[in-house]
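To start, the structure under review is shown below, and the notes come after it.
The values are calculated or read from the model by the stated rules, or taken from the named source; none is laboratory data. All of these numbers come straight from a predicted model, not from anything done at the bench. Cβ placement follows ideal geometry from the backbone for every residue including glycine, while neighbour counts extend to all protein chains displayed.
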Amino acid sequence: MGDASKQELKSKVLRILSVDARISMQDLANELKTNKVNAYNLFNEAAQEYGVSFVPEIRIDKLWKWEFIKRARLRTKRGILAEAVDELPVTGFGEYIILIKFVGKEPQEDEIIKAVGNSYVPQFVAKVKGEYNLFAYAIARSYEDAIHFTDTLNKNLSKYNMIAFTTRVWGNFGFFPLSKALIGEFDIFDTYKNLLFGLNDSGRNTFTEIGKRFNQGPAQMLYAYDRLSRTEILKRVTYFEAKPSTHYNFIAMVKIENSKLFEESKCNWLMKLVKEYEKNENECVFMCDTPAPKGMFVVASFENKQRADKFFACMKHCAKGIDTSTLQISKVLLGSIGIRNFDMRYASQYKMLERRRLVPALNEKPAEIVVENPDAL
């Protein structure tokens, strides 16, 4: 096997694992058209080369379902109706982008990390170059909680002149790995929460290993996995790279100036992304919409600045009616960028194109196919 073909196979391994990180060695071997021993060796080489960590990808917008069910479980139907209005506003979480600018002197990195404290809200914080100095991806119970976080940060950095901008977002593609502190805030049944804790430590652990940690049986963990998958809270077990091959990380801030032009041209841009990522490693890490101001944030990672320039030039050429500016990530202070070799066919953008019959339909893997020991040979 030549170096080029081996690297191509490792790239395919990563693409498969991003969609289903709990795939068995037999199924991985079938996908690669090789035997289980070769598949296992390729899996280990790719995991070590890229510093792969296996984690759950959680649908934050779906969490309110199990939180509300838990709170309503022991109440009568009359009690549920009477208290529903009071309970609904405090179930679930929202996703936010926080941009911070320091006017004048900037705080040191250790000061920022200390000021963030033990809050469950920030999942990713990075120093950036450009119009702002800090970029954060945050998850909070409410907009008020998100604002409380920035107010506390401002108070902890009171000797600096800080301006914060916070906006609610709807995540469309990609993810940032979630912190244990946030999972600890989920008000769901203990079995479900324990499973998410276990998967967050290592997404390929057996249900027996996860269950032992929480004094629960493998059948309980498998049941929790099935229920969370069926309710779409657990979107998939995937991975992120601690040692990615890309090192130029940028954030594109997209302002939609002409909605009609943008909507007419958006499909062309998304179809180009889908087509390019069938051949190349994925560069988009996270993509989301913002309601006010209407626009998008795109977090992307590139091998070099030339490739970054080409990506943003393509965005401007294909997507009309937009104005873009970029921030370059200079250092990650908290969390990890969710860099992975992801197949764009599994993105919500692809589903939108599929509904419009612009791309072939994709049959996703059923949630029922789950193995106890993914690493078994």
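What to note about this one:
- Where Lys255 falls short, out of the listed (1) over 28 Å from Lys10 (Cβ atoms); (2) of a type outside the set (Ser, Thr, Tyr); (3) modelled with pLDDT under 90: (3)
- Test: residue in the stretch 213-235 that is within 25 Å of Lys331 (Cα to Cα) and either in the same structural domain as Asp343 (by TED's automatic domain parsing) or of a type in the set (S, T, N, Q) (or both): no
Residue by residue, here is whether (1) out of contact with any helix residue (DSSP H, G or I) (no Cβ under 8 Å at 6 or more places or on another chain); (2) of a type outside the set (Asp, Glu); (3) surrounded by 19 or more Cβ atoms within 10 Å (Cβ to Cβ); (4) closer than 22 Å to Ala46 by Cβ holds:
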position: Asn249; (1), (2), (3), (4): yes, yes, yes, yes
position: Asn258; (1), (2), (3), (4): yes, yes, no, no
position: Phe262; (1), (2), (3), (4): yes, yes, yes, no
position: Glu283; (1), (2), (3), (4): no, no, yes, yes
position: Glu303; (1), (2), (3), (4): yes, no, no, yes
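- Residue in the stretch 222-231 that is surrounded by fewer than 18 Cβ atoms within 10 Å (Cβ to Cβ), modelled with pLDDT under 95 and within 30 Å of Thr290 (Cβ to Cβ) present: yes
Condition check ((1) among the aromatic types (Phe, Trp, Tyr); (2) at pLDDT below 95; (3) over 22 Å from Leu178 (Cβ atoms)) across all residues:
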site	(1), (2), (3)
Tyr277	yes, yes, yes
Asn280	no, yes, yes
Glu283	no, yes, yes
Asp309	no, yes, yes
Lys331	no, no, no
Gly335	no, no, no
Phe342	yes, yes, no
Val371	no, yes, yes
Asp375	no, yes, yes
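- When the stretch 217-244 is limited to residues that are among the polar types (S, T, N, Q) and part of a helix (DSSP H, G or I), the one that is farthest from the chain's Cα centre (by Cα) turns out to be Gln220.
- Flag if Asn200 is touching a residue at least 40 places away in the same chain (Cβ under 8 Å), buried (at least 19 other Cβ atoms within 10 Å of the Cβ) and either within 20 Å of Ser179 (Cβ to Cβ) or under 19 Å from the mean Cα position of the chain (by Cα) (or both): yes
- Residue check for Met296: over 20 Å from Lys129 (Cα atoms) and either in contact (Cβ under 8 Å) with a residue 24 or more places away in the chain or part of a loop (DSSP other than H, G, I, E, B) (or both): no
- Only listed residue being free of Cβ contacts under 8 Å to residues at least 40 places away in the same chain, small (Gly, Ala, Ser) and loosely packed, with under 13 Cβ neighbours inside 10 Å, chosen from Ala313, Ala376: Ala313
- Per the listing Phe186, Phe207, Phe214, Phe175, the residue uniquely of a type outside the set (Val, Ile, Thr), under 17 Å from Gly92 (Cα atoms) and either buried (at least 16 other Cβ atoms within 10 Å of the Cβ) or free of Cβ contacts under 8 Å to residues at least 60 places away in the same chain (or both) is Phe186.
- Criterion violated by Arg357 - all others in (1) part of a strand (DSSP E or B); (2) out of contact with any helix residue (DSSP H, G or I) (no Cβ under 9 Å at 6 or more places or on another chain) satisfied: (1)
- Every listed requirement among (1) among the small types (Gly, Ala, Ser); (2) modelled with pLDDT of 95 or more; (3) under 25 Å from the mean Cα position of the chain (by Cα) is met by Ser11 save one, (2).
- The lone exception for Thr290 - which of (1) of a type outside the set (Phe, Trp, Tyr); (2) within 21 Å of Glu95 (Cα to Cα); (3) exposed (fewer than 14 other Cβ atoms within 10 Å of the Cβ) it fails: (3)
- Qualifying residue in the stretch 252-264 (condition: within 22 Å of the chain's Cα centre (by Cα) and among the acidic types (Asp, Glu)): no
- If you check Glu144, Glu131 for being closer than 15 Å to Gly94 by Cβ, surrounded by fewer than 17 Cβ atoms within 10 Å (Cβ to Cβ) and out of contact with any helix residue (DSSP H, G or I) (no Cβ under 6 Å at 6 or more places or on another chain), only one passes: Glu144.
- Close pairs (6 angstrom Cβ cut-off, 6 or more residues apart or separate chains): closer than 7 Å to Gly321 by Cβ in the stretch 243-261, surrounded by 14 or more Cβ atoms within 10 Å (Cβ to Cβ) anywhere: Ile256/Phe262; Ile256/Gly295; Ile256/Ile322; Glu257/Gly321; Asn258/Gly321; Leu261/Lys320; Leu261/Gly321
- Cβ pairs under 7 Å, 6+ apart, first in the stretch 127-150 and more than 23 Å from Ile183 (Cβ to Cβ) and outside the structural domain of Thr324 (by TED's automatic domain parsing), second of a type in the set (Phe, Trp, Tyr) and surrounded by fewer than 19 Cβ atoms within 10 Å (Cβ to Cβ): Asn133/Phe102
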